[in-house]
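Input: one structure, supplied below.
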Amino acid sequence: MKKIAVLTSGGDAPGMNAAIRAVTRIANKKGLEVYGVMDGYQGLVEGRMKVLENQDVSEILSRGGTILGCARLPEFKQKEVQFKAIEQLYKRDIEGLIVIGGDGSYRGAYELSQLGFRCIGIPGTIDNDINGTDETIGFHTALNNIVDAVNKLRDTSSSHHRCFVIEVMGNNKDSLALYSSIACGSEFIITKNTGYDEDYIVKMMDYYERTQNKRHAIIIASEKIIDVEALAQRISKETGFSGRSIVLGHIQRGGSPVPEDRILASQMGQYAVDLLLDNLSGYCVCKRDNHIIGRPIIEALNDVNEIQDQMYQLFYEIV
Ligand code: ADP
Ligand code: F6P
């Protein structure tokens, strides 16, 4: 193998640049030419890619986002579109592709590998929703952003005797809501797994306010589950708190990656190049029990998230 390509896909995640840098530097050192594909599968299908030299990835380690750009291309589920992508790669004698993205991007990589093109996945998503790996690149930075924002909300909230209902990202998955609830000491968590009993939450908020002398309360909700403003209004009407809501939005996805994400991305970038050179395909890089390992993409996607159950247990025991 002489030439490989790398792309970032789905929602961008802080640390993707660190992964691009690691892939480029390690591969160059091993004698491979590296192509950076612009804008994920969209740029791949359109043949937008350029050679990445070591100096092209200088000074990107500390930058959020991705220098290659990200995109979503729903048509990539179609076989003929996937064939176009492979054609673009073969045209340049590229024999391996590293896809940095979330579960959707992994499915794209899996499909390409099923068509005979060598593909390796690196988990790059703030959602931490690839069960086969304990952590994904970007998760720690997004979590940090949430904790930072909630700390600020808590200051103003306790001054005004308020209950804040905060919507966090995660594409309907639990990790960001769950981990931030533990890290911020929220009174309630609302995710797909917890279910949602609005009457009960309002009653509990009233109880906390009247009997526990709480000056403020925090409710963290995963996106796409509830209307945070409607809940905040009900809290204002039916409890002693005044309710306020906030959707943290894309602020969570920005900013310089924290060291955990930079290090994870560097380790995973290195490992991904090794997997390609070992002639593996349809594999992804995972972190399991503090070890970086390679696993088939499908196995990683279908794995069970055991840590999540422990985290829910912790949240409910401590709240
Ligand atoms: P993420 O990778 O962060 O989960 P998406 O779910 O939006 O983000 O997926 C990113 C892209 O991966 C999609 O826009 C599409 O191009 C590709 N993709 C998603 N699902 C599939 C699939 N089943 N088959 C082929 N490609 C897919
Ligand atoms: O997958 C990352 C993510 O930030 C999700 O948490 C969120 O649901 C989605 O992307 C938002 O996508 P967009 O940036 O296209 O609005």
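The values are calculated or read from the model by the stated rules, or taken from the named source; none is laboratory data. Note that this is a predicted model, so its numbers are computed, not measured. Cβ sites come from the backbone with ideal geometry, for glycine too, and all protein chains shown count toward neighbours. Just so you know, the surface numbers come from the protein's heavy atoms only, side chains and all, with ligands and any DNA or RNA stripped out. Shrake-Rupley method; radii C 1.70, N 1.55, O 1.52, S 1.80 Å.
So what is the relative contact order for the chain, in percent, with contacts set as C-alpha pairs under 8 Å and at least six apart?
Here the relative contact order equals 23 percent.
Follow-up. Rounded if a/c is under 1.5, else prolate if a/b beats b/c, else oblate: with a ≥ b ≥ c from the C-alpha gyration tensor eigenvalues square-rooted, which is the chain?
prolate
Calculate one ³J(HN,Hα) per residue across segment 32-46 by plugging θ = phi - 60° into the Karplus curve 6.51 cos²θ - 1.76 cosθ + 1.60, and present them in order as whole Hz with x for glycine and proline.
Each residue of segment 32-46 in turn: 9, 8, 10, 9, x, 8, 7, 6, x, 5, 4, x, 5, 5, 8 Hz.
Students often check this: by mean Cβ neighbours within 10 Å, which of 119-130, 192-203, 146-157 ranks highest, and how do the rest follow?
Listed from highest to lowest mean packing, they are 119-130, 146-157, 192-203.
Counting only pairs 8 or more residues apart or on different chains, how many lysine pairs in segment 192-319 have their Cα atoms under 24 Å apart?
Counting lysine pairs in segment 192-319 gives 7.
Check A217: other-chain or 5+ apart residues with amide H under 5 Å from its amide H, H built from backbone geometry?
Answer set, sorted by chain and number: R162, C163, F164.
Turning to a different aspect of this structure: Over segment 61-183, calculate the relative contact order: mean separation of alpha carbon pairs under 8 Å at least 6 apart, over the residue count, as a percent.
Averaging sequence separation for qualifying contacts and normalising by length gives 17 percent for segment 61-183.
Could you pull out every residue, at least 5 positions away or on a different chain, whose amide H is within less than 5 Å of the one on K3? Hs are placed 1.01 Å off N in the peptide plane, and Pro or chain starts have none.
E33, E95
Compute the angle between helix 259-277 and the longest alpha-carbon principal axis of the chain, please, reported from 0 to 90 degrees and rounded to the nearest 10.
Once rounded, the angle reads 30 degrees.
On a 0 to 90° scale, report how tilted helix 306-318 is relative to the longest principal axis of the chain, with both axes built from alpha carbons and the result rounded to the nearest 10.
20 degrees
Next question, about the same structure. Could you order the peptides 49-61, 262-274 from most to least packed, using the average number of other C-beta atoms within 10 Å per residue?
Packing order, densest peptide first, comes out as 262-274, 49-61.
Which percent, nearest 5, of DSSP beta bridges in segment 181-319 are antiparallel?
65 percent
For the chain, with only Lys/Arg (+1) and Asp/Glu (-1) charged at the beta-carbon, what is the dipole magnitude about the Cα centre, in debye rounded to 20?
Roughly 720 debye, rounded to the nearest 20.
Ok, one more. Between E299 and E238, what is the spin-label point distance in nm, taking each point 7 Å from the Cα along the Cα→C-beta axis?
4.9 nm
So, in Å, what gap is there between the alpha-carbon centers of segment 82-132 and segment 139-211?
35 Å
Also, I was wondering about something else. If you line up the long axis of helix 139-159 against the longest principal axis of the chain, both from Cα atoms, how many degrees apart are they, to the nearest 10?
Around 20 degrees separate the two axes.
Taking the dipole about the Cα centre of the chain, with the C-beta of Lys and Arg at +1 and of Asp and Glu at -1, give me whichever of G40, S158, T24 is farthest to the positive side.
About the Cα centre, the residue reaching furthest to the positive side is T24.
Antiparallel DSSP bridges in the chain: what percent, to the nearest 5?
25 percent
Another question about this same structure. Averaged per residue, what accessible area in Å² does the chain show with a 1.4 Å probe, protein chains only?
Counting only protein heavy atoms, the per-residue value for the chain is 44 Å².
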